[in-house]
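See below for the structure under consideration.
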Amino acid sequence: VTTRNRSLCNVQRNAVEVGLMEESEAMELLMVETGHDHELYKAAIGSLKEAKQIVSACKFHPLIVMTAGRWLRTNAEFSDPASCFKDIARSITNLNITENKKKTPLLFRVLDQSFSSILNEDRLPLVQSCLAVLLVV
């Protein structure tokens, strides 16, 4: 279980407390999650400003940075890898700026955005086809 709420961890002896990362650690994690053999990783070298903006907007939280990296990798399958950094940096920054009346944690808002970007009307038939293939196999 990963949580920021210590009261949910009733087994203290097995609990591992993880703090926020330094910017360099967060950048390294983001790069790992984009996939070193992936075109997106190469695009990241030219998008360091946006990559720093992403990890900063993720508040250097490991799970949110990992999610953002996987969101980057997924979006790069459908669009130009270099523009992915700009788009996702803008999206995560906007999540931090917009009013959050329901007090939804940033991680869940990032997850919601990452899935909704895949499930738009243009890509839905492709996603449905992939799921259908998985069901058949």
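A few comments on the model shown:
- Verdict on Asp112 being modelled with pLDDT under 70 and either of a type in the set (D, E, K, R) or part of a loop (DSSP other than H, G, I, E, B) (or both): no
- Residues (modelled with pLDDT of 80 or more, open to solvent by less than 70 Å² (accessible area, probe 1.4 Å) and assigned to a loop (DSSP other than H, G, I, E, B)) located in the range 32-90: Cys58, Phe60, His61
- Residue that is modelled with the highest pLDDT, among those in the range 91-109 that are open to solvent by less than 90 Å² (accessible area, probe 1.4 Å) and aliphatic (A, V, I, L, M): Ile92
The values are calculated or read from the model by the stated rules, or taken from the named source; none is laboratory data. This one's a predicted model, so the numbers in the text were calculated from it and none came from an experiment. When the accessible area is computed, the model is the full protein with side chains, heavy atoms only, and any ligands, DNA or RNA have been set aside. Shrake-Rupley method; radii C 1.70, N 1.55, O 1.52, S 1.80 Å.
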